[in-house]
Each structure stands twice: as C-alpha cells, then as structure tokens.
1. Give me the compactness ratio for segment 39-166, meaning the Cα radius of gyration over 2.2 N^0.38 Å.
2. Give me the extension gain from LEU112 to GLU46: residue separation times 0.36 nm, minus the current Cα-Cα distance, reported in nm with one decimal.
3. Please state the charge dipole magnitude for segment 51-133, taken about the Cα centre, from unit charges on C-beta atoms (+1 on K and R, -1 on D and E), reported in debye and rounded to the nearest 20.
Amino acid sequence: MKKTILLTWAACALFATSLSAQTSGIPAPYGINDATPIDTVTQTFEYNGASGKKAQLIVTTMIWGRSSGGIELSIDAGAVSISGDVDLFTTMATSEIYDFIGRSAVDSAITLGYATCPSSGSAGTGLTLASCVTRSGVAFSVSGASLVRRAYSYSCPSSGRTITLTGATGTTTCSGGADATTDVSGLQ
C-alpha cells in the first residue's frame, strides 16, 4: 500500500527584534565573504499525516544580502523544533527532514520577496547549516563545528515553482542513523 504525505506551509512570521539578538547559533554563510544579515524569519511548516494527524516543524532562518547580488540563507540546525503529533517525524530520516527544511527555506525567501524567482531560466542561492546533527527522537542538536553550504537553483515557470539541490561544499565526518549523528550536508 502506497502512502502519500502532503507537506504544506502553515504560517510564516517575521521577527521585529534586532538581528543581533536573533543570530545566536545561526552561522554566517559558509565560504561567502560579501554577506550582511538583513532579516530573521521563523517558519512553521505543517506536516499532514494519515488519519488527520498533523505536526509542525519550526525553523528560524537568517537571510543575508550579498554585495555581489542575491541572497544567502543560514539556520541553526540544532534549534529545529517539532510540535503537534511528533510521532509523524519519528520514522522520517534526519537527512529527509533537513532536505525538506532546505527547500522550504528557499521557498519562503522567494515567497517573502527576498529572492526574485525567474519565469525563464533559473537563479541560485545557498543555505548554510551545521553538517552533522545529533537526533534523539524529535530533539536535534549540532554535533561538532563542521559547516556546509547547500546550493539550490530555483525557477518559477507558469507550471509552478521548482527548487532543486544542486550541490554542496563543506566538510563532514559524521556517522550514524536516524537516532544518532547524521550527515545532513547533502554531500553524500
């Protein structure tokens, strides 16, 4: 029996507090020297499971403007939180959760107007996060100091928005499974 799971946006809110107060734990863009923080966005994504069960994945993203043009994104990978029917996430691999977070962070940057999405061709951005995350059930923490920049391309043709992981740069030395230290870099 094939199970289909729908992942949808639940809400999006901008913080009005100072950026410096919001950056604790959020890394600067990896390998990028021309970025300045411009905003912090807390995103809540709703995960709809079978039998009407719902869980929320909450992530804070720092949006950085680049003097060369475009934006960069970064998150504190250890500060991801889950609420609601959290058991919906216990069977999902840690790397799958962070793949979803990456695409969702890029999607929100476009939706909020920080990135312009071309109707023809594509544009790109990066998301910096810790490359090794330790997970215990639905609690996450960063393991080590390794960072990675996941590169994404995006486009908005008339058929709908497309966001694709195109590569990653950084270093990792992680090992483990769903409830251990996992490489979430996208370098695998």
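Any read-out appearing in this document is the output of simple, stated calculations on the displayed coordinates, not a laboratory observation. Since the structure is predicted, the reported quantities are computational estimates derived from the model, not experimental observations. Cβ sites come from the backbone with ideal geometry, for glycine too, and all protein chains shown count toward neighbours.
1. Details: Rg = 15.1 Å, N = 128, 2.2 N^0.38 = 13.9 Å.
Dividing the Cα radius of gyration by 2.2 N^0.38 Å gives 1.09.
2. This chain segment gains 22.0 nm when fully extended.
3. I would put it at about 160 debye.
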